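K.L.:
Structure incoming, see below.
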Amino acid sequence: MSGAVAAGVVVLAVVVLGTAYLGGQRGFPGPGKVSVGAHIVAVVLVLLAQRVADRRRGVTAVFGSVGVFFVTGLLLWTQWWR
């Protein structure tokens, strides 16, 4: 399940980056640098955590999965729901 969440974060980041690019090209306000940066950092952290979850076993794999959910929740809370 954490793999699907990680993929969703990647897709969300691509959408935010695309929106920022199109907004800049067409003169419309889009997501700011902080939001774009937060999504990029979240993608890196989520992919690293998912890699740990995929390649390890036991408690380490659980911590990797929990990390994916934690970073995703933090991203959604700070950039989308706040």
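The values are calculated or read from the model by the stated rules, or taken from the named source; none is laboratory data. This one's a predicted model, so the numbers in the text were calculated from it and none came from an experiment. Positions of Cβ are backbone-derived with ideal geometry, glycine not excepted, and every protein chain shown enters the neighbour counts.
K.L.:
For the subset of region 16-28 comprising residues that are of a type in the set (A, V, I, L, M) and surrounded by 12 or more Cβ atoms within 10 Å (Cβ to Cβ), which member is farthest from A42 (Cα to Cα)?
P.N.:
Of everything passing the filter in region 16-28, A20 is farthest from A42 (Cα to Cα).
K.L.:
Could you give me the residue pairs with C-beta distances under 7 Å whose first residue belongs to region 57-82 and is more than 17 Å from H39 (Cβ to Cβ), whose second residue is in a loop (DSSP other than H, G, I, E, B) wherever it lies, and which are 6+ apart or on separate chains?
P.N.:
Filtered contacts from region 57-82: G64/R56.
K.L.:
What pairs come up if the first residue lies in region 23-44 and is over 13 Å from A6 (Cα atoms), the second is modelled with pLDDT under 90 and not in a helix (DSSP H, G or I), and their beta carbons are under 9 Å apart, counting only those six or more places apart or on different chains?
P.N.:
Final answer for the pair search is G23/P29; G23/G30; G24/G30; V36/G30.
K.L.:
Anything in region 51-66 that is more than 22 Å from V10 (Cβ to Cβ) and loosely packed, with under 11 Cβ neighbours inside 10 Å? List them, or say none.
P.N.:
Matches in region 51-66: R57, G58, V59.
K.L.:
Please work out which residue is modelled with the lowest pLDDT, limiting yourself to region 1-52 and to residues that are touching a Leu at 6+ places or on another chain (Cβ under 8 Å) and more than 19 Å from L74 (Cα to Cα).
P.N.:
G30
K.L.:
Has region 47-65 got any residue that is touching a Pro at 6+ places or on another chain (Cβ under 9 Å) and part of a helix (DSSP H, G or I)?
P.N.:
no
K.L.:
Quick one: in region 29-46, which of the residues that are touching a helix residue (DSSP H, G or I) at 6+ places or on another chain (Cβ under 8 Å), among the small types (G, A, S) and assigned to a helix (DSSP H, G or I) is surrounded by the most Cβ atoms within 10 Å (Cβ to Cβ)?
P.N.:
Looking at the filtered set, the residue picked out is A42.
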